[in-house]
Amino acid sequence: QVQLVESGGDSVQTGGSLRLSCAASGLPSGNYCMGWFRQAPGKDREGVATIHTTASRTYYRDSVKGRFTISRDDATNMVYLQMNSLKPDDTAMYYCAARLWISYCPVRDWEFLSWGQGTQVTVSS
């Protein structure tokens with residue numbers, strides 16, 4: 001079974017940077033998609049970024065384009081989210097997610113079937 005463990009969340013000031021890490025285990029060879037989602041209190045969970053095993057295409061929601069970068073390291077089964085120029089609106093619980101046996105990356109949370117427990121990111125002004 002797939003297990004995902006996030007780390008790297010912290011409290012930073014506006015303009016700061018963080019790198020979130022997702023340690024993945026149980027991922028078989030083949031097509032699958034990894035994604036980062038976030039959820040603030042009282043709001044729906046929203047997609048932040050996704051990356052497919054082919055690494056030929058990534059997705060970013062408009063509000064993070066140019067500031068966040070998703071990447072992966074196949075040798076260590078790690079997925080990262082580099083977050084720069086953080087804003088208070090980025091404050092949320094951030095989750096790593098996976099969808100196996102798929103040739104493209106979904107963008108909606110219900111399309112991902114494996115989830116980590118989350119790591120908290122807090123950005124103060």
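The values are calculated or read from the model by the stated rules, or taken from the named source; none is laboratory data. None of the values given here were measured: they were computed from a predicted structure. Here Cβ is always computed from backbone atoms with ideal geometry, including for glycine, and neighbour counts include all displayed protein chains. With ligands, DNA and RNA removed, areas are computed over all heavy atoms of the protein, side chains included. Shrake-Rupley method; radii C 1.70, N 1.55, O 1.52, S 1.80 Å.
See the values below:
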quantity	calculated
Flag if Val79 is crowded, with 16+ Cβ neighbours inside 10 Å and within 23 Å of Ser125 (Cβ to Cβ)	no
Residue within region 72-93 that is at pLDDT below 95 and in contact with a Phe, Trp or Tyr (Cβ under 6 Å, 6 or more places away or on another chain) present	no
Filter result for Val5 (open to solvent by 70 Å² or more (accessible area, probe 1.4 Å), of a type in the set (A, V, I, L, M, F, W, C) and farther than 14 Å from Phe112 by Cα)	yes
Boolean, Arg99 is in a strand (DSSP E or B) and open to solvent by 40 Å² or more (accessible area, probe 1.4 Å)	yes
Region 1-39, residues that are in a loop (DSSP other than H, G, I, E, B), within 24 Å of Lys87 (Cβ to Cβ) and more than 16 Å from the chain's Cα centre (by Cα)	Thr14, Gly15, Gly16
One residue from Asp109, Asp89 being open to solvent by 10 Å² or more (accessible area, probe 1.4 Å) and either more than 12 Å from the chain's Cα centre (by Cα) or among the β-branched types (Val, Ile, Thr) (or both)	Asp89
Where Val107 falls short, out of the listed (1) under 21 Å from Gly8 (Cβ atoms); (2) among the aliphatic types (A, V, I, L, M); (3) in contact (Cβ under 8 Å) with a residue 40 or more places away in the chain	(1)
